[in-house]
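The values are calculated or read from the model by the stated rules, or taken from the named source; none is laboratory data. Nothing here was measured: the structure is a model prediction, and the numbers come from that model. Keep in mind that these areas ignore ligands, DNA and RNA; they rest on the heavy atoms of the full protein, side chains included. Shrake-Rupley method; radii C 1.70, N 1.55, O 1.52, S 1.80 Å.
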Amino acid sequence: MEQVYDIVIVEDDPNDAELMVRSLKNNRLANQLTVLEDGEQALDYIFCRGQYGDRDSSGTPKVIFLDLKLPKVNGLEVLKQVKSNEDTRKIPVIIVTSSKEDPDIATAYDLGANSYVVKPVGFDEFTKTINELGSYWLAINEEPR
């Protein structure tokens, strides 16, 4: 039986979000994807509140791909809240962003990011990177039980 992975992509650029979704689906790494456009939506989804108040809280995401530069609530704040909550702190959070700035990288790791990846500019490179991230975090990595 095929395993169902709940993957959350938090990305405000619709083109980048679509590339990520296509890449993961084309490589059969995801069959349940949730794409959220801003940090507030992400927090509501992850913590089952607001418009996601009726979401089953036992279905925590397998992995979260998180952009840093988001509307409403920035990615670092989302990361901070996820990693400071006992129920969600073990969810791998992969920062996928255009920021190469040292303060962002250091802060993300200080807040508990599991990985920090700068978005490649080219289409082929971008999809290859997402494929590799998906393969590692969904098929190779052993998560705590």
Set of aspartates and glutamates near K90 by C-alpha distance (under 17 Å), chain-local residues within fewer than 8 positions excluded: D6, E77, D110, E142, E143
Estimated vicinal HN-Hα couplings, Hz - region 43-58 in sequence order (Karplus 6.51, -1.76, 1.60; Gly, Pro = x): 5, 4, 5, 4, 9, 6, 9, x, 5, 10, x, 9, 6, 5, 6, 7
Spatially proximal lysines relative to K72 (Cα-Cα < 20 Å; intrachain offsets below 8 disregarded): K80, K83
Just to confirm, what accessible area per residue do you get for the chain at 1.4 Å probe, in whole Å²? 55
Of all accessible surface on the chain at a 1.4 Å probe, what whole percent is carbon and sulfur? 45
Any residue on another chain or 5+ positions along whose placed amide H is under 5 Å from the amide H of I9 is listed here as T34, V35, L36, F65
